[in-house]
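What follows is a short report on a single structure.
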Amino acid sequence: MKDDTARLTSGKSWQDGLAQLALDLCRAVPGGERVVLHGSAVHGADPGDVDLAIIVRDGTDRFEAVRTIAGLLADRSVATGVLHTCFPIEQEACSFKASQYVRNVLTDGREL
């Protein structure tokens, strides 16, 4: 089991500290407003990865956001043994659910 293996090597499961990770992302990512957990991890199962989305203000440089996110999530992925991903979504895209991905995040996701 991935979750058990991660706990044995680092003492952390993928669920430990998600709220703090959300705060860290919002503080570090320019324009970061809120973080949404989505995908299989929402159901608390043993996910193969942890999918996150960060809602950012319109006009935010998403490439800069991804560079910032990468450092935070690389450390967390190593610590837990579970890959963590996070994509920035501009607030305007949330307003009209611009793509199937955005609709899935907003419909099935859980804000952290």
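Every read-out reported here was derived from the displayed coordinates using simple, explicitly stated rules and does not represent laboratory data. A quick note: this is a predicted structure, and the numbers were derived from the prediction, not measured. Every residue, glycine as well, gets a Cβ built from its backbone with ideal geometry; the counts of neighbours run over all protein chains shown.
Tell me which DSSP H helices of the chain clear both cut-offs, 18 Å or more of axial length from alpha-carbon atoms and a mean Kyte-Doolittle hydropathy of at least 0.0. The answer, listed by residue number, is 62-80. Under a 5 Å amide H cut-off, with hydrogens placed 1.01 Å from N, I89 pairs with I54, I55, V56 among residues at least 5 apart or on other chains. Could you tell me whether region 28-112 comes out rounded, prolate or oblate from its Cα gyration tensor? Rule is a ≥ b ≥ c as square roots of the eigenvalues, rounded for a/c under 1.5, then prolate if a/b exceeds b/c, otherwise oblate. Oblate.
What does the charge dipole of the chain about its Cα centre add up to, to the nearest 20 debye, if the Cβ of each Lys and Arg holds +1 and the Cβ of each Asp and Glu holds -1? The partial results should precede the final answer.
Working: 12 positive and 16 negative charges, 8 e Å.
Roughly 40 debye for the chain.
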